[in-house]
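See below for the structure under consideration.
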Amino acid sequence: MSHVSRDGAEIDAAAAEAWLINASREIGLSIAGDEDFFDAGGNSLSIVRLIAKADARFGGDVLTPDEFVESTTVREIAARLARKLGSAKEQAAEHET
């Protein structure tokens, strides 16, 4: 299932995972999709930085700090991101009709 990002580009869980891995590298983390975020050196500051990047890329409030604690692998966090983007798209479509 794919979803639409803020700029209209479609994104699915695999694309969200690739974006999250790339964004993690931009802030100095080297992490794989199935690796635990905290075991790879992630911490509260890196969570805040990734949330800011996600907000800028996809629109506000797409990730929260709790999601990094509840779903600790990049793959799990990316799946949550893709689901939230899909929910936001569906809500926007409902408001347009």
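Every condition in (1) modelled with pLDDT under 90; (2) out of contact with any Ser or Thr (no Cβ under 6 Å at 6 or more places or on another chain) is met by Ala52 except one, and the failing one is (1).
Within region 58-72, residues that are closer than 16 Å to Trp19 by Cα sit with their Cβ atoms under 8 Å from residues that are of a type in the set (S, T, N, Q), at 6+ positions apart or across chains, in these pairs: Phe58/Ser5; Gly59/Ser5. Scanning region 56-82 for residues that are out of contact with any Asp or Glu (no Cβ under 7 Å at 6 or more places or on another chain) and of a type in the set (Lys, Arg) gives a single hit, Arg57.
The values are calculated or read from the model by the stated rules, or taken from the named source; none is laboratory data. As the structure is a prediction and not an experimental result, all values here were calculated from the model. When we count neighbours, we look across all protein chains shown, and the Cβ atoms used for this are built from the backbone with ideal geometry, even at glycine.
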